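We did not get these values from a lab; they are worked out from the coordinates using the rules stated. Every value quoted in this text rests on a predicted model; they were computed, and no experiment measured them. Neighbour counts are summed over all protein chains in view; Cβ atoms, including those assigned to glycine, are modelled from backbone coordinates with ideal geometry.
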Amino acid sequence: MDEAETGSPFAADAAVVGLGRVGLPLALTLADRGLRVIGVDRDEARLRTIGEKKMPFAERGAEQILPKVIEQRSLTLSKHVTSAAGARHIVLTIGTPSFSHIEIDMRDIRSALDDLSSVLRVGHCLILRSTVAPGTTEFAAGYLEKRRGFSIGREVFVAHVPERIAAGRFLEEIDLLPCIVGGVGERSGEVAAELFGCFAARIVQTSPVEAELAKIWTNIFRYANFALPNLLMMDCERHGANVFEVIELINRDYPRGGIAKPGLTGGTCLRKDFAFSEERSNAPGMLLAVSRVNESVPLFLLEGAKRRLGGLSGRKVAVLGLAFKADTDDERDSLSHKLIRLLERELADVAVHDPHVESATVSLEEALQGADAVFVATNHSETRHEEVLREIAALCGGDCLVIDPWDCWGAQTVFACASELLGTALAA
Ligand SMILES: NC(=O)c1ccc[n+]([C@@H]2O[C@H](COP(=O)([O-])OP(=O)(O)OC[C@H]3O[C@@H](n4cnc5c(N)ncnc54)[C@H](O)[C@@H]3O)[C@@H](O)[C@H]2O)c1
C-alpha cells in the first residue's frame, strides 16, 4: 500500500531491527495483530530461515504465527537497516553486550543509528527495545539531533520501551506485563505508546532514564537474589551444614519474604546487565561481587566433587543440561559451558546430555553409562522425574556422586551418592 491508499507517508506501520529472541517474537506478534511490519536483520542465514517459515529458536506459539504472517506478507524481511525507514515506528532490538571493561558495548546500536540517521524523516519514531545503560536513550536522541538537526519529541520521536518478558513466554506475557515507555521530549512517549497500544498490557509513561533503570534493576534484583542462596550454599559447605535445611529454617512461616534455592545463575541478560549500572556506580564493586558469587558456582561444585571422589582425572563425568535455565534452548552465557571447561581442565572425561539445545549432545543413557559423577547443571523438567534418578542409579551404580544444587528430586542435598538420593526420593 502506498501513501495515496493509506493517507500515511509510511508504507509500513513498524520495523523491527534485530530479529533475535526479543525482536522476532515482537515482529511476529505485531504482524499477527494486523500491522504491516518490516523485519530487519543483518544475518542473512537468519533471514533465510525466517523466510522459509522456520523459527530459528524455540519460542512457545511462535511457530504457528510465522507461516501465517509470511504468507500474508504482513511481515516482510530485509537485510538493510535503511529499509526500516519505510515504517513509522522503528524498534531496535539489537544485542547490547558488555565489554570486559564493565561498560556497555554499544557498537551494534551505534551502527544501526548511523545507518538510520541518513534516512530518518519527520514523523519517524525510534524505539530502543534493547536493554541499555542509563542515559543511552538521551544519547541516541542527542546523536540524531546533532547529525540531522531534528527537534526530538516534536519532529522525530525517540523512546525507550524495555523488554521484560522472559524468553519462551512472549505470547503469554506481552498482553500482561506493564509496558514501560520513557519518551524523550514533549511527545515521544505518546507516539511510542501508539505502537504498543495494540497489546492489552497497561502502558506506563515515565522518563527515558527511569525506564532504563527499571529494566536493568529488574535483572539486577534477580541476579542478586540468586547470588545469596549461592553464597549460602558455599558457606554451608564450609561449616558442614545443609543449605536446604538452612533455607527451610529461614523461610518456614516467616512473614517477611524468603530466600530462593541455589543453582547455576547465568544467561545472556543476567550475566551482563548488572554491568550497565556498575559502569558508573556509587558503590563500585557491589554488583561485581554478586557476579563473582554466581560465576564461582561451577568451580565450587567441581571442587566439592573432586574432594569427595579424591580427584577427577580420568573419571567419567556426566553433565545434564547445557541451557542456561530450565526448558529453554538458549545456551548463551550458560554456566554449564564454564563447568564443562573446568572439568576438562581436570582431565575428566565429560559426557553431556541436553534434549533442548542445538549443540550436539549424547543421549541420557550414553551420558550416564558408567559415570563416576553426575552434575545437574540445568533443572529441565525432564531431569526432575524420579525415573532419571533410577536411571542414574542403574547405569552409574549406587555409589555414583550426584551434584544437584537445584534439588531436582527433593532429596535436599547438593552432593550425595545416587543410592542415598533414590532412598530419600522414594521415601518422600
Ligand atoms: N533474550 C532475552 O530474553 C532478552 C530479554 C529482555 C531483553 N533483552 C535485550 O534485548 C536485546 C536483544 O537481545 P536478543 O537476545 O534478542 O539478542 P540476539 O542476539 O538474539 O538478537 C539480536 C539480533 O540483532 C541482529 N543485529 C545486530 N546488529 C544489527 C544491525 N546493526 N543491523 C541489523 N541487525 C543487527 C543480530 O544479527 C541478531 O539476530 C539485548 O539488549 C538484550 O539485552 C533480551
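Round to the nearest 0.05 the FRET efficiency obtained for Ala166 and Leu228 when R0 = 22 Å and r is the Cβ-Cβ distance. Write out the running numbers ahead of the final one.
Values: r = 21 Å, r/R0 = 0.94.
For R0 = 22 Å, the calculated efficiency reads 0.60.
Can you pull the three principal axis extents for the Cα set of the chain, in Å, largest first?
76, 49, 41
Take Asn242 and Asp349, extend 7 Å from each Cα along the Cα→Cβ direction, and tell me the distance between the two endpoints in nm.
Simple spin-label model gives 3.4 nm for this pair.
Report the paramagnetic label zone for Arg148: residues of the range 168-204 whose backbone N is under 20 Å from a point 7 Å from Cα along the Cα-to-Cβ axis.
182-196
Can you list the residues of the range 34-55 with backbone N under 14 Å from a point 7 Å past the Cα of Glu63, pointing along Cα to Cβ?
Correct set: 53-55.
Report the relative contact order of the range 242-427, percent, no decimals, based on alpha-carbon pairs under 8 angstrom and at least 6 residues apart.
Values: 318 pairs, mean separation 37.4, N = 186.
About 20 percent, as a whole number.
Considering only Val132, Phe375, Val156, whose Cα is most displaced toward the positive end of the charge dipole of the chain, charges sitting on Cβ of Lys, Arg (+1) and Asp, Glu (-1)?
Selected residue: Val156.
In debye, nearest 20, what is the charge dipole magnitude of the range 3-209 about its Cα centre with +1 on Lys and Arg Cβ and -1 on Asp and Glu Cβ, if you could check? Let's see the in-between values first.
On the way: 25 positive and 26 negative charges, 36 e Å.
It works out to roughly 180 debye.
I want to check the label-to-label distance for Ser381 and Glu358. Put each point 7 Å from Cα in the C-beta direction and report it in nm to one decimal.
With each label point 7 Å from Cα toward Cβ, the separation is 2.3 nm.
Provide Rg over Rh for the range 3-209; use the alpha carbon set for both Rg and the Kirkwood Rh (inverse mean inverse pair distance). Intermediate results must be reported in sequence, preceding the final value.
Details: Rg = 15.9 Å, Rh = 17.0 Å.
On the Cα set of the range 3-209, Rg over Rh gives 0.94.
Out of Phe415, Leu264, Tyr254, whose Cα points farthest toward the positive end of the dipole of the range 242-427 (charges: +1 Lys, Arg; -1 Asp, Glu; placed on Cβ)?
Most positive-ward Cα: Tyr254.
I need the GluC sites (Glu not before Pro) found in the range 13-104, filtered to DSSP loop residues with at most 10 other beta carbons within 10 Å of theirs. Spell out each step's value before the answer.
Numbers: sites: Glu44, Glu52, Glu59, Glu63, Glu71, Glu103; in loops: Glu52, Glu59.
Qualifying residues, ordered by number: Glu52.
For Leu176, put the label point 7 Å out on the Cα→Cβ axis and report which residues of the range 50-74 keep their amide N under 20 Å from it.
The answer is 58-65.
Can you give me the orientation-averaged projected area of the convex hull built on the Cα atoms of the range 242-427, in nm²? Numbers along the way, then the final one.
Details: hull surface 47.2 nm².
Projected over every direction and averaged, the Cα hull of the range 242-427 covers 11.8 nm².
Please report, in debye to the nearest 20, how large the charge dipole of the chain is about its Cα centre when each Lys and Arg carries +1 at its beta carbon and each Asp and Glu carries -1 there. Let's see the in-between values first.
Numbers: 47 positive and 60 negative charges, 179 e Å.
Dipole about the Cα centre, nearest 20: 860 debye.
Could you let me know the centre-to-centre spacing of the range 369-406 and the range 132-210, using Cα atoms, in angstrom?
Spelled out, the Cα-based centre of one part sits 46 Å from the other.
Taking Lys338 as the anchor, which lysines have their alpha carbon closer than 29 Å to its alpha carbon, excluding any fewer than eight residues away along the same chain?
By straight Cα distance, Lys338 reaches Lys215, Lys261, Lys272, Lys306, Lys316, Lys325.
Within 10 Å of each residue's Cβ, count the other Cβ atoms and sort Lys316, Lys53 from fewest upward. Working shown, then result.
Values: Lys316 19, Lys53 13.
Fewest-to-most ranking of Lys316, Lys53: Lys53, Lys316.
For the range 367-426, give the magnitude of the charge dipole about the Cα centre (Cβ charges: +1 Lys/Arg, -1 Asp/Glu; no others), in debye to the nearest 20.
Numbers: 2 positive and 9 negative charges, 8 e Å.
Here the range 367-426 has a charge dipole of around 40 debye.
Going by the alpha-carbon gyration tensor, a ≥ b ≥ c the square roots of its eigenvalues, is the range 67-121 rounded (a/c under 1.5) or, if a/c is not under 1.5, prolate (a/b greater than b/c) versus oblate?
Values: a/c = 3.49, a/b = 1.72, b/c = 2.04.
Oblate.
State, as an integer percentage, the relative contact order of the range 161-266 based on alpha-carbon contacts under 8 Å between residues 6 or more apart.
Details: 108 pairs, mean separation 23.1, N = 106.
Relative contact order of the range 161-266: 22 percent.
Take every Cα pair under 8 Å in the chain that's 6+ residues apart, average their separations, divide by the length, and report that relative contact order as a whole percent. Numbers along the way, then the final one.
Details: 849 pairs, mean separation 43.4, N = 428.
With pairs under 8 Å counted, the relative contact order is 10 percent.
Taking loop as defined by DSSP and a crowding limit of 15 other beta carbons within 10 Å, which GluC sites (Glu not before Pro) in the range 139-214 fit?
Values: sites: Glu145, Glu155, Glu163, Glu172, Glu173, Glu186, Glu190, Glu194, Glu210, Glu212; in loops: Glu155, Glu163, Glu186.
Sites meeting the loop and neighbour criteria: Glu186.
Give me the one-decimal nm value for the distance between modelled label points at Arg256 and Arg73, 7 Å along each residue's Cα-to-Cβ direction.
6.4
How high is the FRET efficiency between Ser207 and Thr49 when r is their beta carbon distance and R₀ equals 45 Å, given to the nearest 0.05?
0.75
Rounded to a whole number, what is D in µm²/s for the range 89-210 from Stokes-Einstein with the Kirkwood radius over alpha-carbon pairs (4 °C, 1.567 mPa s)? The partial results should precede the final answer.
Numbers: Rh = 14.7 Å.
For these conditions, the coefficient is 88 µm²/s.
Which order do the peptides 213-222, 330-339 come out in when sorted by mean C-beta neighbours inside 10 angstrom, highest first? Don't jump to the answer; show the numbers that get you there.
Numbers: 213-222: 18.2, 330-339: 21.0.
Descending mean neighbour count gives 330-339, 213-222.
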